[in-house]
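The values are calculated or read from the model by the stated rules, or taken from the named source; none is laboratory data. Here the structure is a predicted model, which means the values were calculated and not measured. So basically every Cβ, Gly included, is an ideal-geometry build from the backbone, and we count neighbours across all protein chains shown.
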Amino acid sequence: MVSKHWLAADDLISGLQKSIRRSNAESALAISYEMYLTSESLEDYLWKRLLVISVEDIGLAAPKAHLQIRNPEQIRLKVHYA
């Protein structure tokens with residue numbers, strides 16, 4: 001799968017995690033937006049990866065970090081937008 005701007009989905013996913021691990025918020029946001037723009041399935045995968053990252057990479061440093069991902073995801077699933 002390729003993104004809306006012809007970037008490989010695997011590269012986006014890898015880049016997202018690397019950006020977060022390196023505290024590069026601007027890059028992580030740009031990659032997330034690219035995933036969001038591309039397709040609903042890639043957006044779904046974005047939310048899944050963010051949840052995993054919040055547990056694996058942040059973990060005990062912020063035990064409730066996963067809730068900051070999970071709650072907006074639940075709202076997104078309930079509220080359909082165009």
Residues (surrounded by 18 or more Cβ atoms within 10 Å (Cβ to Cβ) and either of a type in the set (Gly, Ala, Ser) or more than 20 Å from ILE58 (Cβ to Cβ) (or both)) located in segment 16-45: SER19, ALA28, SER32, GLU34, THR38, LEU42
If I go through segment 38-82 residue by residue, how many of them are more than 19 Å from SER23 (Cα to Cα), of a type outside the set (Asp, Glu) and modelled with pLDDT under 85? 13
Wholly inside the chain, helices (runs of 4 or more DSSP H) that include 3 or more residues that are within 14 Å of the chain's Cα centre (by Cα), among the aliphatic types (A, V, I, L, M) and on the phi > 0 side of the Ramachandran plot are none
